[in-house]
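Undergrad: This is the structure I want to talk about, given as structure tokens.
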Amino acid sequence: MMEMEMRPCLDEFEKLLVRMNTPRVMIDNAGCVNATLVMIDSARKDGILLEAVQVLTDLNLLIKKGYVSSDGCWNMDVFHVTNLDGNKLTDDSIINCIQQSLGTIHHTRSKSIDGMTAIELTGTDRVGLLSEVFAVLSDLKCDVVESKVWTHNGRIASLIYLKDCESGCPINDAQKLESIEARLRNVLKGDNDIRSAKTSVSMAVTHTERRLHQMMFADRDYERTSVIKTSGECSPAVSVQNCLEKGYSVVNIQCKDRPKLLFDVVFTLSDMQYTVFHATIDTTENGAYLEFFIRHTDGTAISSEAEKQHVTLCLKSAIERRASGGVRLELRKEDKPGLLAEVTRAFRENALNVTRAEISTTMGKAENIFYVTDAHGNHVDSKTIESVRQRIGLDYLRVKELPLAFRNNEKGENVEGGAVLLALGSLLRRNLSNLGGLIIKSYS
């Protein structure tokens, strides 16, 4: 009898546990004129903001505005998102994917590399390095299925997913893996990078871009100075102050807006063991303005000027890594052994420097993106680009314009610094005077 009486109570308790551990996701296309609102209401957990931003970023959505409030045991995130063309979300499959992914956000996500071998590379960047890397892999009968390459401050980091060309299977032979690592390490060393060149085989990667950030952070790219400086670069403005009365450190960022900006910043803060309690994100045609109220994971604020400087340098680097300049070239061609070696050799022989690359293969077709500059980091003249296109094939290699939402920002405006850095946080600061709850205002 007692068991029967307790059952309804247990059922309600189980429902409460499910409610507390399952985020509630609301998507609204009516509340804002020019963006879709994505609202996430959940119990506060470490990493939930990063996971939410990662879901939206991986769907190639732009976060135009955002508000984050995480007080006590509860969390509320509101994001104004659009597609890459700056329009509201109307595709039901995308909307359903957001709801399903964010609704199970407490589950750890990882990138499956079944059927592939992952190789990690870090070293000193130089013109033609990527061509040498892919030539070695081609010579060793390795098929590059997917890869991402970042360069920053004279350093390069790459994550390359391979298969054996002949068998189509992952490379598990220890002797062959040792040979691959040794030859790639020799390429990375060049003439003067004996100590810092690194290669390794990775068996589990949580997220390719998160891993690239970790690799460059471990390589301490934020302490280095680039020999090749891309023309038109504007250094982001980052400041760190303490809000002593509330025990927060306040990070303000002003820079040119671009896709995945928020992901890069939030991930870096998370990986440096800081927790974001409140945040405001605002983007305009003139730039992006972000403010974060953070603490160490142990609940304390930043305690020294040296630490503030360290955070500033690391955030600047995180923003700059993906913002590599140059002409964007897109290659779409039937995949074949040695294709990447052939294409990057054409770049090298025309003195083109690859500042960033995204390599993928879908249904036997190579779909690759390269950002290139001249050997000194300047814009490439049109004659050189056309010469390379003629060699590879005009129908296969094309100069790609940026999405409409970002064309207006490609004029080279310098949005660095200024009093507006401190103005963004006024909404949060006013509301922090009453920590019982942060008022979230929605505007278009």
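Undergrad: So, in the range 312-333, how many residues would count as being outside any helix (DSSP H, G or I), modelled with pLDDT of 95 or more and either in contact with a Cys (Cβ under 8 Å, 6 or more places away or on another chain) or buried (at least 18 other Cβ atoms within 10 Å of the Cβ) (or both)?
TA: Of the residues in the range 312-333, 2 are outside any helix (DSSP H, G or I), modelled with pLDDT of 95 or more and either in contact with a Cys (Cβ under 8 Å, 6 or more places away or on another chain) or buried (at least 18 other Cβ atoms within 10 Å of the Cβ) (or both).
Undergrad: Being assigned to a strand (DSSP E or B) and either farther than 21 Å from PHE79 by Cβ or touching a helix residue (DSSP H, G or I) at 6+ places or on another chain (Cβ under 7 Å) (or both) is true for just one of SER249, SER235, SER270. Which residue is that?
TA: When all the criteria are applied, what remains is SER249.
Undergrad: Among (1) at pLDDT 95 or above; (2) open to solvent by less than 30 Å² (accessible area, probe 1.4 Å), there is one condition GLN309 misses while meeting the rest; what is its number?
TA: (2)
Undergrad: Please list, ordered by residue number, the strands (runs of 3 or more DSSP E) wholly in the range 334-399 having 3 or more residues that are in contact (Cβ under 8 Å) with a residue 24 or more places away in the chain and hydroxyl-bearing (Ser, Thr, Tyr).
TA: Fully inside the range 334-399 and qualifying: 352-362.
Undergrad: I'd like the full set of residues that are small (Gly, Ala, Ser), open to solvent by less than 10 Å² (accessible area, probe 1.4 Å) and closer than 17 Å to ALA288 by Cα, limited to the range 64-101.
TA: Of everything in the range 64-101, just one residue is small (Gly, Ala, Ser), open to solvent by less than 10 Å² (accessible area, probe 1.4 Å) and closer than 17 Å to ALA288 by Cα, namely GLY66.
Undergrad: Next up: Report, ordered by the first and then the second residue, all pairs with beta carbons closer than 9 Å, sequence separation of six or more or different chains, a first member in the range 84-100 that is free of Cβ contacts under 8 Å to residues at least 12 places away in the same chain and within 17 Å of ARG24 (Cβ to Cβ), and a second member that is among the aliphatic types (A, V, I, L, M) and surrounded by 14 or more Cβ atoms within 10 Å (Cβ to Cβ).
TA: Hits for this filter: GLN100/VAL25.
Undergrad: Does the range 171-191 hold any residues that are part of a helix (DSSP H, G or I) and small (Gly, Ala, Ser), and which are they?
TA: ALA174, SER179, ALA182
Undergrad: Just the residues that are assigned to a strand (DSSP E or B) and not aromatic (Phe, Trp, Tyr), please, taken from the range 289-311.
TA: Within the range 289-311, LEU290, GLU291, ILE294, ARG295, HIS296 qualify.
Undergrad: Among the residues of the range 134-145, are any open to solvent by less than 50 Å² (accessible area, probe 1.4 Å), farther than 30 Å from SER235 by Cβ, modelled with pLDDT under 95 and in contact with a Phe, Trp or Tyr (Cβ under 6 Å, 6 or more places away or on another chain)?
TA: Among the residues of the range 134-145, at least one is open to solvent by less than 50 Å² (accessible area, probe 1.4 Å), farther than 30 Å from SER235 by Cβ, modelled with pLDDT under 95 and in contact with a Phe, Trp or Tyr (Cβ under 6 Å, 6 or more places away or on another chain), which makes the answer yes.
Undergrad: Restricting the search to the range 11-60, which residues are closer than 16 Å to ASN83 by Cα and modelled with pLDDT under 90?
TA: Across the range 11-60, there are no qualifying residues.
Undergrad: Just checking, does the range 281-291 include any residue being within 14 Å of LEU49 (Cα to Cα), in contact (Cβ under 8 Å) with a residue 40 or more places away in the chain, buried (at least 21 other Cβ atoms within 10 Å of the Cβ) and among the polar types (S, T, N, Q)?
TA: no
Undergrad: Every residue in the range 334-363 that is open to solvent by less than 10 Å² (accessible area, probe 1.4 Å) and within 15 Å of TYR396 (Cα to Cα), please.
TA: LEU339, VAL343, THR344, ALA346, PHE347, ILE359
Undergrad: Considering (1) under 24 Å from the mean Cα position of the chain (by Cα); (2) open to solvent by less than 20 Å² (accessible area, probe 1.4 Å); (3) within 17 Å of VAL276 (Cβ to Cβ); (4) at pLDDT 80 or above, say which one ILE105 fails and leave the rest.
TA: Only one criterion is unmet by ILE105, namely (4).
Undergrad: Give the residues of the range 218-236 that are under 19 Å from the mean Cα position of the chain (by Cα) and either hydroxyl-bearing (Ser, Thr, Tyr) or at pLDDT 95 or above (or both), sorted by residue number.
TA: TYR222, SER235, listed by residue number.
The values are calculated or read from the model by the stated rules, or taken from the named source; none is laboratory data. Treat the numbers as computed from the prediction; the structure is a model and nothing was measured. No Cβ is skipped: glycine too gets one built from the backbone with ideal geometry, and neighbour counts run over all protein chains shown. In case anyone asks, the SASA skips ligands and DNA or RNA and just uses the protein heavy atoms, side chains included. Shrake-Rupley method; radii C 1.70, N 1.55, O 1.52, S 1.80 Å.
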